[in-house]
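First the structure, in the form of structure tokens, and then the observations on it.
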Amino acid sequence: MPEGPEIRRAADKLAAVLENEVIEELFLGLERLKKFRRILMGTRVCSIETRGKALLTHFNTDWTLYSHNQLYGVWRVVDRGQYPTTKRTLRVALHTARHSALLYSASDISVLTRKQLTTHPFLSRIGPDLLDTSLTWRALLSRLMEPRFKSRRLSALYLDQQFLAGSGNYLRSEIIHDAGLDPTLRPIDLSRGQLGRLARSTLTISKRSYTTGGITNKVGIAKKLKSQGKSRAAYRFAIFDREGECCYRCGGSIIRSTLNSRRLYSCAQCQTAPLRTRSG
């Protein structure tokens, strides 16, 4: 499933061709949405927004197109009418004078009023977006220690969209590894310094993935491996999907486990050292 950085990059591509443009024609493939075609025809796109893994297309009326890519959904931007050859099912097509924005394979799609956005089952429950520029590491540290979050294992917490919207499987492994923490620990088990390190790693890794197009490995390491002719798959991640290989930080062996029904990667050496436990 695409995670927050991938959704934000998709939103950037949509914004580049849709913002401030009039929707001259559109297609809504789901039967329950077809009634909105006339309502949205001729409207102007004001902005494209992401909230975690959800993407919102705001029009200059009271309406917003909500979409969640889930496992298989994908947006494509093409010159108007130049549909790509694909076996995917087209769900939404937004056509401006020059471009077409096409959503394939997704099914979690709605057309909502501004008021309905505030009560949407997903949007009303999620936490702050991990790429929100107003989210600071200190605010995230405080959130880690909120009563509803502080006693949960990091392996579970970093998949919970109510804690942090946009986090997912690869970010979970990469963030916890960057912070040098055992994924079975809880925020309440950590010292103040460890909490601060985790909060900073959360923002750093998320932003790095967004700006580099999905590379979470340290920039210097990624560049070195690339210069050696390594594939993108070999230098993209510090730890995720690298079972049995050596940790770039300490040389320890990377292990794969299953926690919360999802694969998780950690270093057997630099993420398992005993940590000081907080009292209370």
Viscosity 1.002 mPa s, temperature 20 °C: Stokes-Einstein D of segment 64-197 from its Kirkwood Cα radius, in µm² per second?
122 µm²/s
Largest to smallest principal axis extent of the C-alpha atoms in segment 137-267, angstrom:
48, 28, 24
Once the mean 1/r over all distinct Cα pairs of segment 4-119 is inverted, what Kirkwood radius in angstroms do you read off?
14.0 Å
The size of the Cβ-based charge dipole (Lys, Arg +1; Asp, Glu -1) of the chain about the Cα centre, to the nearest 20 debye, is 480 debye
The distance between the Cα centres of segment 70-97 and segment 168-211, in whole Å, is 35 Å
Neighbour counts of other C-beta atoms within 10 Å: give me Y104, Y265 arranged from fewest to most.
Y104, Y265
Percentage relative contact order, segment 1-123, counting C-alpha pairs under 8 Å, at least six apart
27 percent
Options (i) 19.2; (ii) 20.3; (iii) 22.4 - which one matches Kirkwood radius over Cα pairs in Å as calculated here
(ii)
Over the chain, relative contact order from alpha-carbon pairs under 8 Å, at least 6 apart, %
16 percent
Dipole magnitude (debye, nearest 20) for segment 4-119, charges at Cβ of Lys, Arg, Asp, Glu:
280 debye
Against the longest principal axis of the chain, how steep is helix 4-18, in degrees 0 to 90 to the nearest 10, with axes from Cα atoms?
30 degrees
Flagged links, alpha-carbon separation over 26 Å, of K150/K223; K13/K230; K34/K115; K87/K223; K53/K207; K150/K218:
K150/K223; K13/K230; K87/K223; K150/K218
What order do you get for 126-139, 106-119, 193-206 when each peptide is scored by the mean count of other beta carbon atoms within 10 Å, highest first?
193-206, 126-139, 106-119
Across A54, A93, A16, the residue with the highest GNM fluctuation in the chain (Cα network, 10 Å cutoff) is A16
For segment 133-214, how big is the tail of P(r) above 20 Å, as a whole percent of Cα pairs?
20 percent
Angle, helix 169-178 long axis vs. longest principal axis of the chain, Cα atoms, 0 to 90°, nearest 10?
40 degrees
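Values in this text are rule-based calculations from the coordinates and carry no lab data. Please read these numbers as outputs of a predicted model, since none were measured by experiment. Here Cβ is always computed from backbone atoms with ideal geometry, including for glycine, and neighbour counts include all displayed protein chains.
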